[in-house]
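The values are calculated or read from the model by the stated rules, or taken from the named source; none is laboratory data. What you are looking at is a predicted structure, and each value in this text was computed from that prediction instead of being measured. Cβ coordinates were reconstructed from backbone atoms using ideal geometry, including for glycine residues, and neighbour counts include every protein chain displayed. SASA here: full protein model, heavy atoms, side chains in, ligands and nucleic acids out. Shrake-Rupley method; radii C 1.70, N 1.55, O 1.52, S 1.80 Å.
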Amino acid sequence: MKTSLHCLLILVISMLCWEALGQEMLVGFAKKNITPSSPIWLTGYASRTQPATGVVHHLWAKAVYLESSPNEKALIVSTDLLGLSREVTQGIVQQLQLKYGITQKQLIINSSHTHSGPMIWPALSGIADYHLEDQRAVSTYTLGLINTIIDLVGEAIANKEKMQLSYGHGQVDFAINRRQLAASKVGKMLAGPIDHDVPVIKAEDAHGNVKGILMGYACHNTTVQGDNYLVNGDYAGFAQIDIEKKYPQAVSMFLLGCAGDQNPEPRGSLVLAEKHGKKLAEAVHMLVQQKLKPLSNSLQYDALQITLDFQKMDISTYQKELVGDNVFKQRRAKLMLEAINKGWNIDHYTYPIQALRIGKEFTIVALAGEVVVDYSLRIKREFAPQDIFVAGYSQEVMCYIPSKNVLSEGGYEAESSMIYYGWPGPFADTVEEKIMKGVHLVMKNIGIRSRR
Ligand SMILES: [Zn+2]
């Protein structure tokens with residue numbers, strides 16, 4: 001009797017511990033150095049006039065592989081790059097499918113949007129006249145990057161071991177709404193939408209060692225500006241370095257949120273980039289030291305594509321731009337007229353949307369492009385009280401994704417940036433409702449409904 005009571009007690013205690021700890025899943029981390037080995041053009045600023053001249057610190061591609069059961073597997077890849085082009089992501093997905101049976105739906109690949117990283121051909125090829133040798137260097141780097149990421153994923157899978165995932169949220173305040181800053185005549189910051197949330201996922205092995213830390217934040221990696229020719233990951237690069245110094249056994253990953261209209265402030269130097277990075281790393285460290293909420297052992301994911309329409313543009317607009325004196329408009333007009341001449345459809349863009357639910361407790365919604373912060377705030381509001389991080393800059397970074405509000409206000413993120421990115425014109429004002437419809441559908445497919 002005494003023994004059976006004892007056994008029952010042990011069973012109850014272990015069940016309580018299991019409940020308190022969540023459940024372990026198979027998790028594997030890996031990282032690979034993606035610093036260019038030869039001089040290459042950095043991208044993000046149209047003002048640059050030459051390739052990079054040196055390196056401040058290395059750039060990394062990092063991966064976490066998650067497996068909750070033989071049929072439930074997912075991958076998150078982070079890159080210290082401005083953004084991946086569709087060709088690169090599709091190249092990666094094709095090889096992952098062949099080698100590991102991993103589909104597009106199972107992969108979130110995010111870019112930190114550092115403006116001090118190498119160009120990925122042909123993204124933003126219209127912001128300068130690149131010599132053939134420069135194009136060759138960028139193309140060679142781009143092809144090598146695909147192979148590196150395939151190897152990276154292979155390592156992450158090989159490194160899988162039982163781990164406990166847990167999560168929490170911190171805050172840092174160096175992101176400001178740059179549209180409001182630009183709108184202010186006296187340089188005084190006005191209150192525009194911001195999202196200072198810092199979601200953190202911690203992965204611990206069976207011995208309690210921290211083996212991986214994922215963090216997110218919604219702020220452009222543009223602390224250093226176009227006068228910088230040194231390779232670096234901006235604040236996100238510095239933050240990852242700082243965290244990995246504090247947790248030498250861990251891979252620290254950064255996922256960029258809806259940072260389309262969010263800039264670090266103050267900005268303009270590497271010293272400031274390091275300062276912002278340390279601030280972010282400190283907020284993450286404070287959380288990682290604590291006991292966080294456990295994530296249970298399940299994975300749900302889905303992805304879909306929707307059609308986003310561009311505003312109707314008149315061919316004569318491009319014909320006039322072609323002979324005008326704005327070199328960026330000339331390059332865009334040339335692209336558009338060639339496309340029209342070949343009969344290619346340039347009235348819409350096929351836009352990817354996806355979501356990954358880790359356990360029942362935490363969901364990453366991943367959107368392509370430079371998504372403005374209104375989306376993050378709206379998605380979190382409409383799905384409250386679900387715990388959500390909205391990652392922008394995922395799968396591909398092909399242009400800005402304005403909200404209806406930003407579109408109606410106009411300006412860089414709504415209109416002029418489309419010229420540099422080489423698109424026909426601004427998105428139609430249906431853009432936000434179409435994306436939100438797609439988000440609701442993808443969320444429904446992973447078992448999350450809004451309260452609306
Ligand atoms: Zn940007």
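By how many nm would the segment from residue 350 to residue 90 lengthen if fully extended, with 0.36 nm per residue of separation less the alpha-carbon distance? Walk me through the numbers on the way to the answer.
On the way: separation 260, 0.36 × 260 = 93.60 nm, distance 1.36 nm.
Result for the pair: 92.2 nm of gain on full extension.
Can you compute the FRET efficiency between residue 282 and residue 320 using 1/(1 + (r/R0)^6), with r the Cβ-Cβ distance and R0 = 56 Å? Round to the nearest 0.05. Each step should come with its number before you reach the end.
Numbers: r = 52 Å, r/R0 = 0.93.
That pair, residue 282 with residue 320, gives E of 0.60.
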Projecting each Cα onto the charge dipole of the chain (Lys/Arg +1, Asp/Glu -1 at the beta carbon, about the Cα centre), which of 284, 266, 416 comes out farthest on the positive side? 284
Electrostatic dipole magnitude of the chain [Cβ: Lys, Arg +1; Asp, Glu -1; Cα centre; debye, to 20]: 740
As straight-line cross-link partners of residue 329, the qualifying aspartates and glutamates (C-alpha separation under 19 Å, not fewer than 8 residues apart within one chain) are 129, 314, 321, 338, 347, 413, 415
Percent carbon-and-sulfur accessible area, the chain, ignoring ligands, DNA and RNA, probe 1.4 Å: 56
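Show 49, 363 ordered by accessible area, largest first, where the area counts protein heavy atoms only and the probe is 1.4 Å. Let's see the in-between values first.
Numbers: 49 110, 363 0 Å².
So, going from the largest accessible area down, we get 49, 363.
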Could you check the spin-label model distance between residue 37 and residue 309? Points 7 Å from the Cα along Cα→Cβ, value in nm. 5.0
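Taking the Cβ of residue 74 as the centre, find all other residues whose Cβ is under 13 Å away and add up their charges (Lys, Arg: +1; Asp, Glu: -1).
Here the charged neighbours net out to +1.
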Per-residue accessible area for residue 276 at 1.4 Å probe radius, Å² rounded to 10? 10
For the cross-link pairs 31/437; 31/360; 160/437; 211/404, which exceed 31 Å when the distance is taken from alpha carbon to alpha carbon? 31/437; 160/437; 211/404
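Can you tell me, using C-alpha contacts under 8 Å and at least 6 residues apart, the relative contact order of the chain as a whole percent? Intermediate results must be reported in sequence, preceding the final value.
Values: 1030 pairs, mean separation 78.7, N = 452.
So the answer I get is 17 percent.
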Please list, in order along segment 392-401, the HN-Hα scalar couplings obtained from phi with the Karplus expression 6.51 cos²θ - 1.76 cosθ + 1.60 (θ = phi - 60°), rounded to whole Hz, x for Gly and Pro. x, 6, 10, 6, 8, 10, 10, 4, 7, 10
What does the accessible area of residue 100 come to, in Å² to the nearest 10, when a probe of 1.4 Å is used? 80
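Based on the mean of other Cβ atoms within 10 Å per residue, sort peptides 105-112, 375-382 so the most packed one is first.
Highest mean packing first, the order is 105-112, 375-382.
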Write down the accessible area per residue of the chain in Å², having rolled a 1.4 Å probe over the full set of protein chains. 43
Given the options 83, 55, 177, identify the residue whose Cα lies farthest towards the positive end of the charge dipole of the chain (+1 on Cβ of Lys, Arg; -1 on Cβ of Asp, Glu). 177
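What ranking of 197, 429, 347 comes out by heavy-atom accessible area, probe 1.4 Å, highest first? The partial results should precede the final answer.
On the way: 197 25, 429 95, 347 75 Å².
Sorted by accessible area, descending: 429, 347, 197.
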With Cβ to Cβ distances under 12 Å as the rule, what net charge do the other residues near residue 148 carry (K, R +1; D, E -1)? +1
Cross-link partners among lysines for residue 105, C-alpha distance below 17 Å, same-chain residues fewer than 8 apart left out? 73, 444
Considering amide H positions built from the backbone, and no H for Pro or chain starts, which residues 5 or more places from residue 401, or on another chain, come under 5 Å of its amide H? 370, 371, 372
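For an R0 of 51 angstrom, estimate the FRET efficiency from the Cβ-Cβ distance between residue 129 and residue 161 and round to the nearest 0.05. Provide the component values of the computation, followed by the final result.
Numbers: r = 50 Å, r/R0 = 0.98.
Here the calculated transfer efficiency is 0.55.
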